[in-house]
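Below is one structure, written out as structure tokens; the observations come after it.
The values are calculated or read from the model by the stated rules, or taken from the named source; none is laboratory data. As the structure is a prediction and not an experimental result, all values here were calculated from the model. As a convention, Cβ positions derive from the backbone with ideal geometry for all residues, glycine included, and neighbour counts pool all protein chains shown. Calculation scope for accessible area: heavy atoms of the full protein, side chains included, ligands and nucleic acids excluded. Shrake-Rupley method; radii C 1.70, N 1.55, O 1.52, S 1.80 Å.
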Amino acid sequence: MSTFVLPPAVSVVVPVYNEEAGLAALFARLYPALDALGERYEIIFVNDGSKDRSAALLAAQQRLRPDVTRAILFNGNYGQHMAILAGFEHSRGDIVVTLDADLQNPPEEIGKLVAKMREGFDYVGTIRRQRQDSWFRRNASVAMNNLREKITHVRMTDQGCMLRAYGRDVVDTINRCSEVNTFVPALAYTFSLRPTEIEVAHEERAAGESKYSLFKLVRLNFDLVTGFSLMPLQIMSFLGIALALASGALFIYLMLQRLLFGSQVQGVFTLFAITFCLLGVLLFSMGLLGEYIGRIYEQVRGRPRYVVQAVLDDTADVQPAHGLHEAGAEAKAPSLASSSR
Ligand code: UDP
Ligand code: MG
């Protein structure tokens, strides 16, 4: 019962995790904003294992606008970036836009991104004008941005803003990656030939609260750093060399002092200080190694990155625009247990 036969030009991917309080407001603004564009579009909601009524609300919305709405339901919580990747795999548009469900990025800005893509760019990043987050989030994020800028090759002014547009080639390349822990904007940047950035508005969360705890945020940033740089490991080796040289020098100095001035009581405390400092460095290094090894372990285990419980889709007779996708033929709603790596 699809109303169009041509594939959509713009796909909008929206990850949803426990957003029942804000979904109605999202629907009320997202559809009119896209209708106003005058483009063929599709919206792909990915329910990331919400424990509230989000899945039911998405299903109802899919029934309301089956021509342009598809919903992918995960069987558990796999994280925002996995949800986006699932959306990418099911997307058919030449331009794929990602948008948060909480209305922090106004859907009305999508038109700007699409216009910029049409100028010939294959990746449009965004910078939040007057970011509306807590003081701690803003400053921690600036610090993390600076650090990431130094140790990875990824150049993004504002890594946290997820309202972005990706070209079909970039999305296809991302679909061929099988990374378990990743950061989609950085991955896209890696594959993009003509990236650019524009400023977009940023609002306070319409409803509910941030789905990122401090722990999840730290993990995400570790994903970003370890996934795109080996420099932390190399810094460790250099630190090791520097420490070895320094302790060699210290040894010679202490020996000379002992020979010239005899043994001194304070020496014990100096030793304590040095030992604890070294212990700190050692533990940190081991932790860092662990971060990489843990990720390698998850990768070699080769489990599905996420499990799709159902795909709600009435547009299945639309031919995908590009060969890579079997998704167009995938399912009449709801299909069970297709999993993806
Ligand atoms: N999200 C998700 N899975 C998660 C956490 C978040 O799909 O495990 C979604 C969430 O529903 C929202 C988007 O990712 O659409 C961004 O999350 P949030 O607004 O909580 O992050 P913040 O704006 O605080 O960085
Ligand atoms: Mg948000």
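Worth a mention:
- Estimated FRET transfer efficiency (SER213, LEU282; beta-carbon r; R0 30 Å; 0.05): 0.55
- All lysines inside 30 Å of LYS51 as judged from Cα atoms, apart from same-chain residues fewer than 8 positions distant: LYS211, LYS216, LYS332
- Against the chain, whose longest principal axis comes from its Cα atoms, helix 54-64 is set at around 30 degrees.
- Evaluated on region 125-243, the Kirkwood hydrodynamic radius is 15.9 Å, with distances taken between all distinct Cα atoms.
- Surface listing: ILE43, ILE151 arranged by accessible area from highest to lowest gives ILE151, ILE43, probe 1.4 Å.
- Value of Rg/Rh across region 1-103 [Cα atoms, Kirkwood radius]: 0.94
- Using the average count of surrounding beta-carbon atoms within 10 Å as a protection proxy, the listed peptides 272-278, 225-231 rank, highest first, as 225-231, 272-278.
- FRET efficiency estimate (nearest 0.05) - Cβ-Cβ, ALA244 to ASN146, R0 35 angstrom: 0.75
- Percent of Cα pairs exceeding the 28 Å cut-off, where the set is the chain: 48 percent
- The phi-based Karplus calculation (6.51 cos²θ - 1.76 cosθ + 1.60; θ = phi - 60°) puts the 3J(HN,Hα) values of region 173-181 at 5, 4, 5, 8, 7, 10, 5, 7, 10 Hz, whole numbers, x for Gly and Pro.
- When TYR297, TYR17 are compared by accessible surface with a 1.4 Å probe, the order from highest to lowest is TYR297, TYR17.
- With every protein chain in place, the chain: carbon and sulfur % of accessible area (1.4 Å): 64 percent
- Angle in degrees between helix 80-90 and the longest Cα principal axis of the chain, rounded to the nearest 10: 40 degrees
- Each label point was placed 7 Å from the Cα along the Cα-to-Cβ direction; for GLU199 and SER178 their separation is 4.4 nm.
- Accessible area of the chain divided out per residue, in Å², using a probe of 1.4 angstrom: 49 Å²
- Measuring gaps between exposed loop sites in the chain (GluC sites (Glu not before Pro); DSSP loop; at most 12 other Cβ atoms within 10 Å), the longest gap, sites not included, is 1-118.
- Label-point gap, in nm, between SER134 and PHE272 - each point 7 angstrom along Cα→Cβ: 3.7 nm
- Here each label is just a point 7 Å from Cα along the line to Cβ, and for ARG303 and ALA21 those points are 3.1 nm apart.
- When the charge dipole of the chain is built from unit charges on Cβ atoms (+1 for Lys and Arg, -1 for Asp and Glu) and taken about the Cα centre, the candidate among GLN104, SER178, LEU64 whose Cα reaches farthest toward its positive end is SER178.
- Under 5 Å, built H, 5+ apart or other chain: amide partners of VAL13: ILE44, VAL97, THR98, LEU99
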